[in-house]
Amino acid sequence: MKILFVCTGNSCRSPMAELYFNHLARKHNTTLSASSAGIYANDGGMISLAADGVMRELGIETADFRSTAFTPKRAQSYDLMIGMTRTHAAMMRHIVPGLRDKIRTLIPDEDVPDPFGGTIEDYKAVFNFMKPFIDQLFIESNNPNQGDK
């Protein structure tokens, strides 16, 4: 399963989600994979310094990360696309209306706050807010039939 995390600029929330999800996939030796993109991102940007710091504290390497823009062509290759906010999800549905069934938010009925411009503590708080939902997404994605019993 291929998952795409989407936020605004693809420098904070969605990169942390992508990198952490892929860390879990490697740790558990699965074929799951995640990428990230931003509604208003430019291709080739770096992860923010504070997001880099949060990931490095977890032992997750960020040097190879580069931002990407959310485009209809990119969206075609994902099984599931996760917006960090309800607005991101709505914008994705507008950009790729034929894929609307593959789009949802990370947290039902709640938005992941944007730490952009904040302190590393702000970024840690946002990551810690997202983490249990990313963990749950990983479990559900790794065991897609667990709810069919």
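For the stretch 76-89, name all the residues that are buried (at least 19 other Cβ atoms within 10 Å of the Cβ) and either under 15 Å from E18 (Cβ atoms) or modelled with pLDDT under 95 (or both).
Residues satisfying the conditions are Y78, M81, I82, G83, M84, H88.
Return yes when M1 is within 17 Å of Q136 (Cβ to Cβ) and either of a type outside the set (F, W, Y) or modelled with pLDDT under 95 (or both) and no when it is not. Before the answer, list the steps.
Values: within 17 Å of Q136 (Cβ to Cβ): yes; either of a type outside the set (F, W, Y) or modelled with pLDDT under 95 (or both): yes.
For M1, the condition - within 17 Å of Q136 (Cβ to Cβ) and either of a type outside the set (F, W, Y) or modelled with pLDDT under 95 (or both) - is met.
Can you tell me which condition G117 does not meet? The list is (1) within 24 Å of N29 (Cβ to Cβ); (2) at pLDDT below 95; (3) not polar (S, T, N, Q), and all the others hold.
All conditions pass for G117, except number (1).
Go through the residues of the stretch 63-73 one by one and say whether even a single one is within 19 Å of V126 (Cα to Cα) and surrounded by fewer than 16 Cβ atoms within 10 Å (Cβ to Cβ).
no
Would you be able to tell me the number of residues in the stretch 90-143 that are surrounded by fewer than 17 Cβ atoms within 10 Å (Cβ to Cβ), in a helix (DSSP H, G or I), in contact (Cβ under 8 Å) with a residue 40 or more places away in the chain and under 15 Å from the mean Cα position of the chain (by Cα)?
Residues in the stretch 90-143 being surrounded by fewer than 17 Cβ atoms within 10 Å (Cβ to Cβ), in a helix (DSSP H, G or I), in contact (Cβ under 8 Å) with a residue 40 or more places away in the chain and under 15 Å from the mean Cα position of the chain (by Cα): 2 in total.
Restricting attention to the stretch 2-29, and to residues there that are part of a helix (DSSP H, G or I) and touching a helix residue (DSSP H, G or I) at 6+ places or on another chain (Cβ under 7 Å), which single residue is nearest to V54 (Cα to Cα)?
Filtering first and then ranking leaves M16.
Here is a list: T119, T85. Which entry is closer than 19 Å to T8 by Cα and touching an Asp or Glu at 6+ places or on another chain (Cβ under 7 Å)? I'd like the intermediate steps shown before the answer.
On the way: T119 fails: touching an Asp or Glu at 6+ places or on another chain (Cβ under 7 Å).
Of T119, T85, the one residue that is closer than 19 Å to T8 by Cα and touching an Asp or Glu at 6+ places or on another chain (Cβ under 7 Å) is T85.
Scan the stretch 22-51 for residues that are buried (at least 18 other Cβ atoms within 10 Å of the Cβ) and over 16 Å from the mean Cα position of the chain (by Cα) and report the count.
Looking only at that region, the number is 1.
Would you tally the residues in the stretch 62-89 being without any contact (Cβ under 8 Å) to a residue 40 or more places away in the chain and assigned to a loop (DSSP other than H, G, I, E, B)?
The number of residues fulfilling the criteria is 5.
Mind checking whether some residue in the stretch 31-38 is assigned to a helix (DSSP H, G or I) and farther than 17 Å from L99 by Cα?
No, there is no match, as no residue in the stretch 31-38 is assigned to a helix (DSSP H, G or I) and farther than 17 Å from L99 by Cα.
Can you give me the number of residues within the stretch 69-99 that are charged (D, E, K, R) and in contact with a Lys or Arg (Cβ under 8 Å, 6 or more places away or on another chain)?
Residues that pass the stated criteria total 2.
The values are calculated or read from the model by the stated rules, or taken from the named source; none is laboratory data. Here the structure is a predicted model, which means the values were calculated and not measured. Positions of Cβ are generated from backbone atoms using ideal geometry, with glycine treated the same way; all protein chains shown enter the neighbour counts.
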